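Visitor: Handing you a structure now.
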Amino acid sequence: MKPAKGDRAGKGTRSTAPAQGQIRINRFLSMCGITSRRKAEELVLLGKVEINHAVVRDLATRVDPVRDRVFVGGTQALPVEGLLYLVLNKPKDSITTLSDERGRTTVMSMVRSRQRVYPVGRLDRNTTGVLLLTNDGNFAHRLMHPKFNVPKSYKVSCDRALARADLALLRGGIALPDGRTAPAEVELIPQGRGKEIGITIHEGRNRQVRRMFETLGYEVLKLDRVAYGPVTKVGLARGGTRSLTRSEIRSLKEMAGYTEEELLSGRSPGHIPR
Ligand code: URA
């Protein structure tokens with residue numbers, strides 16, 4: 001950013017007054033796909049953000065996206081060219097991390113994109129199906145936030161037929177070590193001989209579906225995520241990706257609490273309302 005009158009470039013003293021083309025530091029970091037605006041503020045307060053080689057700690061600091069050089073933890077933050085929203089049909093035996101020191105197949109190796117995208121949450125190594133990826137850090141953060149309860153649907157294949165009483169227990173909530181699960185929609189899949197179950201949960205805890213079934217004494221033989229909100233993998237080959245449609249993005253954003261104004265402006269909201 002061009003220093004305002006009285007600023008001493010390189011001394012960390014920056015103008016916080018609005019000037020044409022300048023944006024707040026937290027918004028800039030969110031545009032770089034680094035994180036949500038709220039988390040970006042935490043990075044600033046922790047002294048992890050430098051502008052033109054001076055650490056900034058003032059949340060009101062403004063950035064000129066063209067002239068200023070912003071670094072987070074020593075790495076330059078660059079605005080993403082455009083926001084990308086993808087779905088991958090994750091195959092079995094692939095892991096949801098950006099890289100793996102043990103050389104295992106990562107979901108990132110299946111994504112052909114010039115720009116870096118990140119998985120929205122994670123699926124277990126042997127879980128297949130719908131995995132969203134994006135470079136819109138704020139969108140990802142909101143989708144994963146428990147407040148918004150975006151529904152996720154799974155097909156579960158178990159080692160034996162589900163007892164009627166257990167169907168009711170799964171629907172009502174299962175006591176897990178990290179707390180009781182929220183009510184879920186659970187149905188037997190026709191022609192599945194009682195061993196194939198459709199379940200829609202509104203949370204995203206670690207290994208949640210497997211743990212719910214294991215708690216009741218069932219072995220989960222296969223777990224496939226068939227939908228994340230409105231997004232399915234219908235027509236998508238295993239290991240294949242596609243861009244989300246406008247209507248899928250809009251619908252996910254609505255589920256993640258974006259206001260009508262935010263949807264219309266295309267802006268990412270800066271905070272999660274209470
Ligand atoms: N629940 C699980 O148990 N595993 C997953 O991968 C996703 C949801």
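Visitor: Kindly indicate whether R62 is assigned by TED's automatic domain parsing to the domain that holds R24 and in contact with a Pro (Cβ under 7 Å, 6 or more places away or on another chain).
Guide: Considered against the rule, which asks whether it is assigned by TED's automatic domain parsing to the domain that holds R24 and in contact with a Pro (Cβ under 7 Å, 6 or more places away or on another chain), R62 comes out as yes.
Visitor: Please go through the range 32-53 and give me each residue that is loosely packed, with under 14 Cβ neighbours inside 10 Å and farther than 25 Å from R142 by Cβ, ordered by number.
Guide: Residues satisfying the conditions are G47, H53.
Visitor: Check R171 against each of (1) more than 11 Å from the ligand (Cβ to nearest atom); (2) exposed (fewer than 13 other Cβ atoms within 10 Å of the Cβ) and name the one condition it does not meet.
Guide: Going through the list (1) more than 11 Å from the ligand (Cβ to nearest atom); (2) exposed (fewer than 13 other Cβ atoms within 10 Å of the Cβ), R171 breaks only (2).
Visitor: So which residues in the range 217-235 are surrounded by fewer than 16 Cβ atoms within 10 Å (Cβ to Cβ) and either more than 13 Å from the ligand (Cβ to nearest atom) or among the polar types (S, T, N, Q) (or both)? I'd like the intermediate steps shown before the answer.
Guide: Restricting attention to the range 217-235, the residues satisfying the condition of being surrounded by fewer than 16 Cβ atoms within 10 Å (Cβ to Cβ) are 217, 219, 221-222, 234-235.
Of everything in the range 217-235, those that are surrounded by fewer than 16 Cβ atoms within 10 Å (Cβ to Cβ) and either more than 13 Å from the ligand (Cβ to nearest atom) or among the polar types (S, T, N, Q) (or both) turn out to be G217, V234, G235.
Visitor: Any residue in the range 120-128 that is among the acidic types (D, E), within 16 Å of the ligand (Cβ to nearest atom) and free of Cβ contacts under 8 Å to residues at least 12 places away in the same chain?
Guide: No, the conditions are met nowhere in the range 120-128.
Visitor: If only one of R250, R246 is exposed (fewer than 14 other Cβ atoms within 10 Å of the Cβ) and at pLDDT below 95, which one is it? Steps first, please.
Guide: Numbers: R250 fails: exposed (fewer than 14 other Cβ atoms within 10 Å of the Cβ).
Selected residue: R246, the only one of R250, R246 that is exposed (fewer than 14 other Cβ atoms within 10 Å of the Cβ) and at pLDDT below 95.
Visitor: With the condition being among the charged types (D, E, K, R), I'd like the strands (runs of 3 or more DSSP E) fully within the range 68-171 carrying at least 1 qualifying residues.
Guide: Qualifying strands (runs of 3 or more DSSP E): 85-90, 152-158.
Visitor: L132 - would you say it is within 16 Å of the ligand (Cβ to nearest atom) and under 17 Å from N206 (Cα atoms)?
Guide: Criteria met by L132.
Visitor: Turning to a different aspect of this structure: Would you point out which residue out of G204, G194, G198 is more than 24 Å from the chain's Cα centre (by Cα) and not assigned by TED's automatic domain parsing to the domain that holds R122?
Guide: Of the residues listed, the single one that is more than 24 Å from the chain's Cα centre (by Cα) and not assigned by TED's automatic domain parsing to the domain that holds R122 is G194.
Visitor: Shifting gears a bit: Kindly establish whether L59 is of a type in the set (A, V, I, L, M), surrounded by 13 or more Cβ atoms within 10 Å (Cβ to Cβ) and closer than 30 Å to S247 by Cβ.
Guide: Taking the combined requirement at face value, the residue does not satisfy it.
Visitor: Can you name every residue in the range 183-198 that is assigned to a loop (DSSP other than H, G, I, E, B) and loosely packed, with under 14 Cβ neighbours inside 10 Å?
Guide: In the first step, residues of the range 183-198 are kept if they are assigned to a loop (DSSP other than H, G, I, E, B); the result is 183-184, 189-195.
P183, P190, Q191, R193 - these are the residues of the range 183-198 that are assigned to a loop (DSSP other than H, G, I, E, B) and loosely packed, with under 14 Cβ neighbours inside 10 Å.
Visitor: Look through L29, L98, L83 and report the one residue that is within 18 Å of the chain's Cα centre (by Cα), at negative phi and surrounded by fewer than 15 Cβ atoms within 10 Å (Cβ to Cβ).
Guide: L98
Visitor: Also, quick follow-up: Hey, could you check the range 236-254 for residues that are in a helix (DSSP H, G or I) and within 26 Å of S94 (Cβ to Cβ) and say which is farthest from the ligand (Cβ to nearest atom)?
Guide: For the range 236-254, the residue satisfying everything is I249.
Visitor: Which residue out of T127, T75 is of a type in the set (S, T, Y) and closer than 20 Å to T200 by Cβ?
Guide: Exactly one of T127, T75 is of a type in the set (S, T, Y) and closer than 20 Å to T200 by Cβ, namely T127.
Visitor: Can you find, within the range 199-216, the residue that is farthest from the ligand (Cβ to nearest atom) among those that are in a strand (DSSP E or B) and in contact with a helix residue (DSSP H, G or I) (Cβ under 7 Å, 6 or more places away or on another chain)?
Guide: Taking the candidates together, the pick is I199.
The values are calculated or read from the model by the stated rules, or taken from the named source; none is laboratory data. Predicted, not measured: the structure shown is a model, and the values here were computed from it. Neighbour counts run over all protein chains shown; Cβ positions are idealised from the backbone, glycine included.
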